[in-house]
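Here the structure is laid out as structure tokens; the discussion comes afterwards.
The values are calculated or read from the model by the stated rules, or taken from the named source; none is laboratory data. Since the model is a prediction, treat every value here as computed from it, not as a measurement. Ideal geometry is used to build each Cβ from the backbone, glycine not excepted, and the neighbour counts take in all protein chains shown.
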Amino acid sequence: MSARKRVYVGVAALALLLATTIGLGQAQEPPGGTPAQGPAARSIEDGYSLQADVASKFTYQGMLWDEDTPVNDVVDMVFRLYSDDACTTQVGSSILANDVMVVDGVFSVELAVSQNWFYGLGVWIQPEVDGVGFSCQEILPVPYALSLRPGAIVGGNVEYGDVIRAVNTAPSNDSYGLYGQSYSNYYGVGVYGYASATSGPVYGVYGQTRSPSGAGVLAKGVDSNADLILGGNGDTGSEDDGVLTSDPSYASSDIVIKSNDTVRIDLDNEMGGEDADFEIRNASDTLIFDVDETGAVLLGGSGVPAFPRPAYDSGWVSVSQGGSVVRNHNLGWNVDNYVVDLTCMRSAGGAGINNWGVGGDANWEEYYGAWWSNLTTASITLHRWSDDSDCPQVRVRIWMYQ
């Protein structure tokens with residue numbers, strides 16, 4: 001056929017990727033009486049199963065003529081996909097179909113494609129037969145595939161199930177059940193979910209992962225923009241602008257915030273004049289810790305000012321009369337910003353915890369008490385005078401301020 005003129009007449013129905021013809025009726029028994037055995041089912045969450053993955057290909061059919069005569073021959077074909085109706089910008093790689101049988105002008109080929117070539121935007125195809133190219137043709141969707149185009153709404157009354165369920169069984173890294181991305185620089189949303197039901201557990205967007213290092217929902221913004229915006233039931237009058245809670249299915253589930261950098265909380269960031277506090281409450285809704293936007297820190301519901309714990313606590317250290325003990329705190333920072341407290345304890349004689357002679361006390365030729373010296377960013381030295389009887393044990397605590 002290399003010397004004959006070929007005239008491409010037409011194309012039978014072209015289906016979008018994943019919209020190939022699928023039989024839903026009763027399976028037919030093959031010759032011999034034994035039903036065909038499909039691939040083993042793969043178990044999916046909540047009883048779902050997949051018998052096989054939908055093939056990443058579609059069927060292309062057409063007629064090939066030589067002048068006014070239908071072709072009967074074996075030909076080599078090449079198909080290319082494009083993102084424009086002039087077929088100038090190719091999508092993906094060329095698809096080869098060799099040794100295609102053409103009978104009475106009619107042929108049919110299955111074209112293997114990549115799922116990444118189809119993402120809801122228009123795609124055109126241009127065939128080539130034995131080196132001769134033909135016209136550019138648009139790939140049209142089957143009607144229900146239009147629900148997958150950008151801007152489409154998939155809606156319906158699904159009483160016991162999900163409107164859309166995205167399941168990814170790939171075991172490799174960087175695989176997503178549902179991936180959304182927005183290029184808008186003004187309140188763009190990659191994934192938006194809305195549920196109108198008001199009773200029972202209702203989720204606008206539900207994400208789950210079985211990977212120990214994965215995330216049920218991953219939200220990523222750009223620069224200082226919000227990664228995740230929580231909108232609660234603020235319109236109902238309860239003024240809950242956003243709620244972050246543990247898994248309601250597990251009474252003992254935790255909320256853990258981990259960061260390799262700053263964890264920041266902005267109080268009254270919009271300067272609205274409201275009294276914005278950072279509060280921690282117990283199970284009976286009693287306030288146990290509160291940080292006011294002014295910087296005041298309160299501990300307990302009665303509003304007792306909180307005293308911060310020391311950055312270092314040596315515990316009770318035994319020091320012999322006239323002896324010294326070095327304690328390593330390794331706090332670093334600046335020793336000019338240290339606050340040091342030294343306390344004595346004597347079990348016998350009724351003195352208990354005391355500060356008798358702290359810093360040292362000289363009485364004629366006798367020396368009592370305890371003191372410290374050589375404070376560095378790593379250690380401190382504790383001393384006890386040679387005649388002391390009230391400080392057999394000492395305790396040093398260090399606070400740091402900025």
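Before moving on, here are some points about what is shown:
- Gly234 surrounded by 11 or more Cβ atoms within 10 Å (Cβ to Cβ) and modelled with pLDDT under 75: yes
- Flag if Val396 is of a type in the set (Val, Ile, Thr) and without any contact (Cβ under 8 Å) to a residue 40 or more places away in the chain: no
- Of all the residues in the range 352-368, those that are in contact with a Cys (Cβ under 8 Å, 6 or more places away or on another chain) and outside any strand (DSSP E or B) number 3.
- The residue that is farthest from the chain's Cα centre (by Cα), among those in the range 378-402 that are polar (S, T, N, Q) and farther than 16 Å from Ala348 by Cβ, is Ser386.
- When Pro310 is tested against (1) more than 25 Å from Leu299 (Cβ to Cβ); (2) part of a loop (DSSP other than H, G, I, E, B), exactly one condition is not met: (1).
- Odd one out for Trp371 among (1) part of a strand (DSSP E or B); (2) modelled with pLDDT of 95 or more: (2)
- Test: residue in the range 149-172 that is within 24 Å of Val123 (Cα to Cα), surrounded by 13 or more Cβ atoms within 10 Å (Cβ to Cβ) and at pLDDT 75 or above: yes
- Candidates in the range 136-158 are the residues that are free of Cβ contacts under 8 Å to residues at least 60 places away in the same chain, among the aliphatic types (A, V, I, L, M) and assigned to a loop (DSSP other than H, G, I, E, B); of these, the one that is farthest from Tyr82 (Cα to Cα) is Val158.
- Considering Ser302, Ser320, the condition of being of a type in the set (S, T, N, Q), over 16 Å from Ser373 (Cβ atoms) and at pLDDT below 95 is satisfied by Ser302 alone.
- From the options Val243, Val222, Val291, residue that is outside the structural domain of Ser389 (by TED's automatic domain parsing), at pLDDT 70 or above and not in a loop (DSSP other than H, G, I, E, B): Val291
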